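First up is the structure itself, then whatever we jot down about it.
The values are calculated or read from the model by the stated rules, or taken from the named source; none is laboratory data. Every value quoted in this text rests on a predicted model; they were computed, and no experiment measured them. Glycine also receives a Cβ, built like all others from the backbone with ideal geometry; neighbour counts cover every protein chain displayed. These area figures cover heavy atoms from the full protein model, side chains too; ligands, DNA and RNA do not enter into them. Shrake-Rupley method; radii C 1.70, N 1.55, O 1.52, S 1.80 Å.
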Amino acid sequence: MDVLRPPLININGRIYRRNIIKEEHYEEEEEFSYMGPPDDEELGEDETCDAHLIEQSDKGYRCAIDVPSVLYKYIIGKKGETRKRLEFDTKTSINIPKQGVEGQIVITGSTKTAVSSAVTRIEVLVESFRRKQPFTHFLSFPLNDSKIQEGFLRFKDEVLKQCSQDHGVEESIFQNPAKLHLTIGTLALLNEMEVRKACEHLQECQNFIRDITEGKPLPLEVTGIEYMNDDPAVVDVLYAKVNVRDGSDRLQVIADRLVEHFVSAGLMVREWDRVKLHGTVMNTLFRKDSTVEDTGAAGRQTVNEREAFDAKNILKKFDAYCFGEFELNTVQLSQRYSTDCTGYYSSAGSISLS
């Protein structure tokens, strides 16, 4: 890490610097410090936390904040050292529910400023370690229409018939036809409350989506294939191209607006300026572990375990392959690694385009 350009975290409009330190008897851990006024250790009276209610009582001040139980361990720290340091530095008491029990972390202190300081530091810890959690859900446009599935199965049969002699091309690296989709973005939703929040935000998107679609399903064509690296002889992911039949960019606009909304809500991390819409048809992540599911991001295998395949002949013979046409009418919030009775990803929520 460049000490002169440390990573920054934005919490409720405030910018914090993240410093990597190594302490004796501890694994490498992260410590955070506030960047900006005031210069003293405590926050000034006008720097109190606005995002949470800090209540006054006969014994001082109190604030309760919602934190998923999976993140408690990062606030407690090894042998409780992180919590002790937070309590000592902010002159507060921090009560954390038992591991695995969803609840609120309660901070109490003799002054409002002290409680606010502790809340802010906990938020910074939570935000940093949240980013390290594997994603649990993803937003997508389902492509599991029967016509597209039939077209995909024909594609699979023809590729295996004509190109199975090419390096790395074999049946296990093809997508499950029931799980065909276009990934919009991934989310780490760490408890039921966060899943409900994501579903509520998805519902909020319905109005602007219907404005874009004029209240009608989007007629799509799934035609052509592309790959995700520079060398067609060494390919890990092959995907189908999807376009609106009228040539408009409405599908792209909807995807970009959805990501913008969820990033603003703090439920998604922006990875690219624009969503790269692709429907995976072949992925080497599937090769060694049949339970791995493609959602547009890394699966359970590491990059070093992946065996690429030679896609030169596939690209030459199937460059303009038509998987089919259908009318898209759904945006889906799905749970990773979980499927329903049809074999598609289990839905946490969905909205209609019409």
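Identify the trypsin sites (Lys or Arg not before Pro) of region 118-164 meeting these criteria: DSSP loop state and at most 16 other C-beta atoms within 10 Å of the C-beta. Of the trypsin sites (Lys or Arg not before Pro), the ones in loops of region 118-164 whose Cβ has at most 16 other Cβ atoms within 10 Å are Arg131, Lys132.
For region 111-234, what does the accessible surface come to per residue with a 1.4 Å probe? Please give it in Å².
Numbers: 5280 Å² over 124 residues.
Value for region 111-234: 43 Å² per residue.
In summary, the lysines within cross-link reach of Lys317, defined as a Cα separation below 23 angstrom excluding same-chain residues under 8 places away, comprise Lys147, Lys156, Lys161, Lys241. Using a simple spin-label model with pseudo-atoms 7 Å out from Cα toward Cβ, Glu55 and Trp272 lie 4.7 nm apart.
Cross-link list Lys79/Lys132; Lys216/Lys312; Lys73/Lys179; Lys179/Lys316: which exceed 32 angstrom alpha carbon to alpha carbon? Pairs exceeding 32 Å: Lys216/Lys312; Lys73/Lys179. In this simple spin-label model, placing a label point 7 Å from the Cα along the Cα-to-Cβ direction at both Glu204 and Cys341 gives a separation of 3.5 nm. In terms of packing, defined here as the mean over residues of other Cβ atoms within 10 angstrom, the peptides 57-68, 184-195 line up highest first as 184-195, 57-68.
Using a Förster distance of 25 angstrom, determine the FRET efficiency expected from the C-beta separation of Glu221 and Asn176, and round it to 0.05.
After rounding to 0.05, the efficiency reads 0.70.
Starting from 0.36 nm per residue, how many nanometres of slack lie between Ser264 and Ser93 once their C-alpha separation is accounted for?
So the extension gain works out to 58.4 nm.
Other residues whose C-beta falls under 10 angstrom from the C-beta of Glu325 contribute a net charge of -1, scoring Lys and Arg +1 and Asp and Glu -1.
If each residue of separation counts as 0.36 nm, what is the full-extension length gain between Ser69 and Lys84 once their alpha-carbon separation is subtracted? List each step's numbers first, then the result.
Details: separation 15, 0.36 × 15 = 5.40 nm, distance 1.86 nm.
Extra length from Ser69 to Lys84 when fully extended: 3.5 nm.
Which order do peptides 134-144, 88-98 fall in by mean Cβ count within 10 Å, highest first? List each step's numbers first, then the result.
On the way: 134-144: 21.8, 88-98: 16.5.
So the peptides 134-144, 88-98, ranked by packing, come out 134-144, 88-98.
Starting from the Cα-Cα distance between Asp166 and Ala320, subtract it from 0.36 nm times their residue separation and give me the gain in nm to one decimal. Each step should come with its number before you reach the end.
Working: separation 154, 0.36 × 154 = 55.44 nm, distance 1.97 nm.
Full extension of this stretch gives 53.5 nm more.
Probe radius 1.4 Å, ligands and nucleic acids ignored: give me the carbon and sulfur share of the accessible area of region 129-253 as a rounded percent. Before the final figure, lay out each step's value.
Working: 2600 of 5710 Å².
Roughly 45 percent of what the probe reaches on region 129-253 is carbon or sulfur.
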